[in-house]
Amino acid sequence: AAARGCGGVWRRAWQRGAGGPAPVPRGQRAVACNARGGAVPAGKSGLAPWVPVVGLEIHAQISSNSKLFSGSQVQFAAAPNSLVSFFDASLPGTLPVLNRRCVEAAVMTGLALNCSINKRSLFDRKHYFYADLPAGYQITQQRVPIAVNGSLSYSLCIDNKMSQMVTKTVRIKQIQLEQDSGKSLHDDTRNQTLVDLNRAGVGLMEVVMEPDMCCGEEAAAAVRELQLILQTLGSSQAVMAAGQLRVDANVSVHHPGEHYGVRTEVKNINSLRFLAKAVDYEIQRQIEELENGGTILNETRAFDSKLGCTVPMRDKEGKQDYRFMPEPNLPPLILYDAKSLPANMNHQQVVNIDWIHERLPDLPSVKRAKLVERYGILPEHGFTLLNEDGLTEFFENVVKQTQMKPKKVIGWILNDLLSYLKQHSLTVKESPVSSFLLADLLNLLEKKEISSTAAKQVLAELWKGEGKTPFEIVKEKKLELIDQKELEQICQVVIDGQENEVIMMVLG
């Protein structure tokens, strides 16, 4: 029961579109577009290639202590219906009060995505009837959203090779503030549905991306970059498993040179892996349907992760179905910059766009460039470090504590540490090997006190989490390297004790 689309925004985008992304050589399927771009070869019918078109609507929960229009606390996994104000429950006579923090988060996100910030934006009511929406409408920004006309650059691999990466850009149509709905809990055993309104009224940013992508891989890469940006800004925690980032994918196919085809919308996708699978499945489904003489319905579908396919949910609502109207209880949202801010205005009561812009942190693209420049690592290593939560900090901590050069440290981080974590489904923060322990181990290796083979044995022991230091493991397992002089002495002792055997070997 997430926010249900953005009315006619996508419909207009598809209606005006003709053509699509640039075609690729024949023989490449949609499910393996590998960053090359758009056209998918003909199926069994031998018709002209198909051009897939993919656009996204992303709902990001704003990091805020309270909801968008009420003072109710925001807390994940709280007891059902324990965080519901009179306004959230839509009791008569209650009025919305706009949360300043949510406005600032939306402005910050818009600036990071190269958007134009509207100094005057409007709120609207979007009507639909669900049990988890007590008012019967959602307050959103349909006519004039807070930010428009931005862009997001993202990178992805060619042929799954990290060393071959291309950068692409997707246009951001708009970012709008809106309130979330509640949550319906379906109890199939008792054949009943329970409603939890804790999430009702939580602040959302809806990021609407233009239909500039052509496959699941591109969609997942774009969302991952957006997720990193939101987390860097602190405007959203953007944890998909906690419902803080939910994606609706709009998919259509057409022949080159023709208008965009009829689109379907796959709702509420909650992981990047499922997003890629859902988009690629839907592309292939539509191609097969059309080549078999069928038609594509303008409908809303869901992705069944167990079956690996999309399934119909309902007909797609149009703009007229939502009966949009201006929100009568909220005045226009007025923002300022340094030039327009009145001299006698209380700065605590307004949102200053320039003030927010000056305080933007380094975005992921800048962080990657700095990592490459500072440590001399490869660009693809920078992507891996940022894509894994906490891995950049882990790497930098190891570099600070070890004498080994960063280029060698990165190999141990990516090839050994990361491989182990993925193998055991652990996050960096859950690693039994701390940055201090790994640095200690690499120092032993750098001082040539142990061999590389021995270092890997020590690392395997450290994974057990028994509290031993690398030095203690080396002593216990007798893994130290022996210097040449000591080795010569050992060999001499062996030779002196085996004179007959030595004489026989010499005489041959």
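The values are calculated or read from the model by the stated rules, or taken from the named source; none is laboratory data. This one's a predicted model, so the numbers in the text were calculated from it and none came from an experiment. When we count neighbours, we look across all protein chains shown, and the Cβ atoms used for this are built from the backbone with ideal geometry, even at glycine. Ligands, DNA and RNA are stripped out before the accessible areas are found, and what is left, the full protein with its side chains, is counted by its heavy atoms. Shrake-Rupley method; radii C 1.70, N 1.55, O 1.52, S 1.80 Å.
Could you tell me what a quarter of the Cα convex hull surface of the range 380-508 works out to, in nm² with one decimal place? Write down the numbers at each step before the final one.
Numbers: hull surface 44.0 nm².
Result: 11.0 nm².
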Got a sec? What order do Glu218, Glu396 fall in by accessible area at 1.4 Å, biggest, i.e. largest, first?
Glu396, Glu218
Quick one: how many Å² of Val350 are accessible to a 1.4 Å probe, rounded to 10?
10
Top to bottom by accessible area (1.4 Å), largest first, where do His255, His357 land?
His357, His255
Counting all Cα-Cα pairs in the chain, those more than 41 Å apart amount in percent to 35
Within the range 128-144, name every residue whose backbone N is under 17 Å away from a label modeled 7 Å from Cα of Asp187 along the Cβ vector.
132
Determine, at each q value in 0.19 (inverse angstroms), the log₁₀ of I(q)/I(0) that the Debye formula gives when each Cα of the range 190-326 is one equal point scatterer.
-1.26
Table column - 3J(HN,Hα) (Hz), the range 341-351, Karplus curve with 6.51, -1.76, 1.60, x for Gly and Pro:
6, x, 5, 8, 6, 6, 5, 6, 9, 10, 10
What whole-number distance in Å separates the alpha-carbon centres of the range 381-404 and the range 86-110?
39
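With a 1.4 Å probe and every protein chain left in place, work out the accessible area per residue of the range 416-463 in Å², rounded to a whole number.
50
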Could you state the number of Å between the C-alpha centres of the range 453-503 and the range 281-354?
65
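Please list the equivalent ellipsoid semi-axes of the range 269-412, computed as the square roots of five times the alpha-carbon gyration tensor eigenvalues, in descending order and whole angstrom.
Values: eigenvalues 344, 265, 30 Å².
Its equivalent ellipsoid spans semi-axes of 41, 36, 12 Å.
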Out of the range 68-163, which chymotrypsin sites (Phe, Trp or Tyr not before Pro) are coil in DSSP terms and have no more than 11 other C-beta atoms within 10 Å?
Phe129
As a test question: what accessible area, to the nearest 10 Å², does Leu363 have when a 1.4 Å probe is rolled over all protein chains in place?
40
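Counting other Cβ atoms within 10 Å, which trypsin sites (Lys or Arg not before Pro) in the range 336-418 have at most 12 and lie in a DSSP loop? Intermediate values should be presented prior to the final figure.
Values: sites: Lys339, Arg359, Lys367, Arg368, Lys370, Arg374, Lys400, Lys407, Lys408; in loops: Lys339, Arg359.
Hits after loop and neighbour filter: Lys339, Arg359.
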Quote the accessible area belonging to Asp196 in square angstrom, nearest 10, computed with a 1.4 Å probe and with ligands, DNA and RNA left uncounted.
20
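List the trypsin sites (Lys or Arg not before Pro) in the range 467-497 that DSSP assigns to loop (not H, G, I, E or B) and whose Cβ has at most 15 other Cβ atoms within 10 Å. Which are they? Write down the numbers at each step before the final one.
Working: sites: Lys468, Lys475, Lys477, Lys478, Lys485; in loops: Lys468, Lys478.
Passing both the DSSP loop test and the Cβ count: Lys478.
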Pairing the Cα long axis of helix 391-401 with the longest principal axis of the chain, what angle in degrees results, from 0 to 90 and rounded to the nearest 10?
30
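Quick one: with all protein chains in place, what share of the accessible area of the range 91-132 is carbon or sulfur, to the nearest percent (1.4 Å probe)?
About 59 percent, which is the carbon plus sulfur part of the accessible surface.
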